[in-house]
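Notes to accompany the following structure.
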Amino acid sequence: MSSSESHRSNNSPFGALQLSAGLLALLKSQGFKVPTDAQREMIPRFIEGQDLVVISETGSGKTLGYLLPILEKAIRQKTDRALILTPTRETADQILKVLEPFAETLGISLSLVIGGRSSSKQEKELKGKAQIVVATPGRLNDHLLNNKLLLQGTTSVVVDEADRMLDMGFLPQLQHIRKTMRGAWKTLMCSASSPDMVKELSSVFCQSEPELVLMKSAEAPVEQLQQEIVELTRAEKPRRLLEDLSKVKESALVFAASQERCDLIYRWLKKNGLSVDHLHGGLRQGTRHRVIRDFRDKKIKVLVATDVLARGLDIPHVELVLNVDLPYHAEDFLHRIGRTARAGRAGRAITYLTPEDAKARMQIERYLK
């Protein structure tokens, strides 16, 4: 049976997206039944070799939308390599967790290139030509300064959260990574916002004019999300927070504006007997990994975090996102509330607004329902 015949013989909704029978069977075993709109747009185009700039709302399934074409290419041609760049260690870890069950079954080698982990092990994996490399720009750039040949054979490049790459000042590192690459590859860049900014960045990696895939709801909360606005004073926040969290059955993600506020809220909730932990950029990487793992495994019910966790976290049991403080950037509000109601699931978001938030409220108004 030919590859195309194996596609047609599978009646899975994913079967129309040019995926092989083995990958379709894996999707079924992992519980993926129906592709999202973003996946329907992304998967066939990237498999066919089109450079893409994808703008789609958070929680729309973009990660699987680019991983499946990469896995499909790795199945068809074992010598093909893929590079996935993402701005933070947390998002890199998240991507790897999605990849691992597929890669283990299919015999595809992976490498996670981030800070806080053994540099020598990463270098060995890169020299061994791991088929799929998930990396943050800073750490990958460090490796390439010593050996410019580590990305040989790369045929697919994904730049995830491309808008945030620019916000975080990674353009010089991305440009250096690009200069070390040789040959031909196809590029997919994705973001939940800022199509003009992302399209500008695409000129770094895209070797042809990219096609813009702009989903209708790219800069709006998903339909399944229920939002509630609570107007109160600063002094009323602590008690109201306890009240709202007492109603949570599964898990809640609480966002604070700074590391100091994150620590303060965490101590308050712990003092009042809640199953809680906290996460921000001031903690050691090992601690951050442990906290996310405990939250994912339901060892803790409430996680207090700064915007370091506003993107990239996909945990199905997050039923509530609670904005105790508003973010400094309006776009981060959209990413925060996108941590719940993901991939068709229901979810809630509560946002506290004080009289002092009047100006910031105007900036997030377009995201409020």
Let me confirm something: among Ala235, Ala220, Ala256, Ala192, which residue is small (Gly, Ala, Ser), touching a helix residue (DSSP H, G or I) at 6+ places or on another chain (Cβ under 8 Å) and at pLDDT 95 or above?
Ala256
Residues to consider are Ile108, Ile132, Ile177, Ile95; find the one that is closer than 27 Å to Gly59 by Cβ, more than 20 Å from the chain's Cα centre (by Cα) and touching a residue at least 24 places away in the same chain (Cβ under 8 Å).
Ile108
If you check Ala38 against the conditions, is it under 19 Å from Lys129 (Cβ atoms) and either in a loop (DSSP other than H, G, I, E, B) or of a type in the set (Gly, Ala, Ser) (or both)?
no
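Looking at Lys298, Lys271, which one is within 19 Å of Gln94 (Cβ to Cβ) and surrounded by fewer than 16 Cβ atoms within 10 Å (Cβ to Cβ)?
Lys298
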Hits in the stretch 89-109 - residues which are surrounded by 19 or more Cβ atoms within 10 Å (Cβ to Cβ) and under 24 Å from Phe170 (Cα atoms):
Arg89, Glu90, Thr91, Ala92, Asp93, Gln94, Ile95
Only one of Thr287, Thr233 is β-branched (Val, Ile, Thr) and over 30 Å from Ile114 (Cα atoms); which?
Thr233
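Table: residues versus (1) at pLDDT below 90; (2) assigned by TED's automatic domain parsing to the domain that holds Val134; (3) closer than 29 Å to Ile292 by Cα; (4) among the β-branched types (Val, Ile, Thr).
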{"position": "Gly15", "(1), (2), (3), (4)": "yes, no, no, no"}
{"position": "Arg40", "(1), (2), (3), (4)": "no, yes, no, no"}
{"position": "Asp51", "(1), (2), (3), (4)": "no, yes, no, no"}
{"position": "Thr58", "(1), (2), (3), (4)": "yes, yes, yes, yes"}
{"position": "Gly65", "(1), (2), (3), (4)": "no, yes, yes, no"}
{"position": "Leu68", "(1), (2), (3), (4)": "no, yes, yes, no"}
{"position": "Lys73", "(1), (2), (3), (4)": "no, yes, no, no"}
Being among the acidic types (Asp, Glu) and either part of a loop (DSSP other than H, G, I, E, B) or not assigned by TED's automatic domain parsing to the domain that holds Gly282 (or both) is the filter here, so list the residues in the stretch 301-345 that pass it.
Asp314, Asp325
When Gly273 is evaluated against the numbered criteria (1) on the phi > 0 side of the Ramachandran plot; (2) in contact (Cβ under 8 Å) with a residue 12 or more places away in the chain, which criterion, by number, is the only one it fails?
(2)
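The values are calculated or read from the model by the stated rules, or taken from the named source; none is laboratory data. Every value quoted in this text rests on a predicted model; they were computed, and no experiment measured them. Here Cβ is always computed from backbone atoms with ideal geometry, including for glycine, and neighbour counts include all displayed protein chains.
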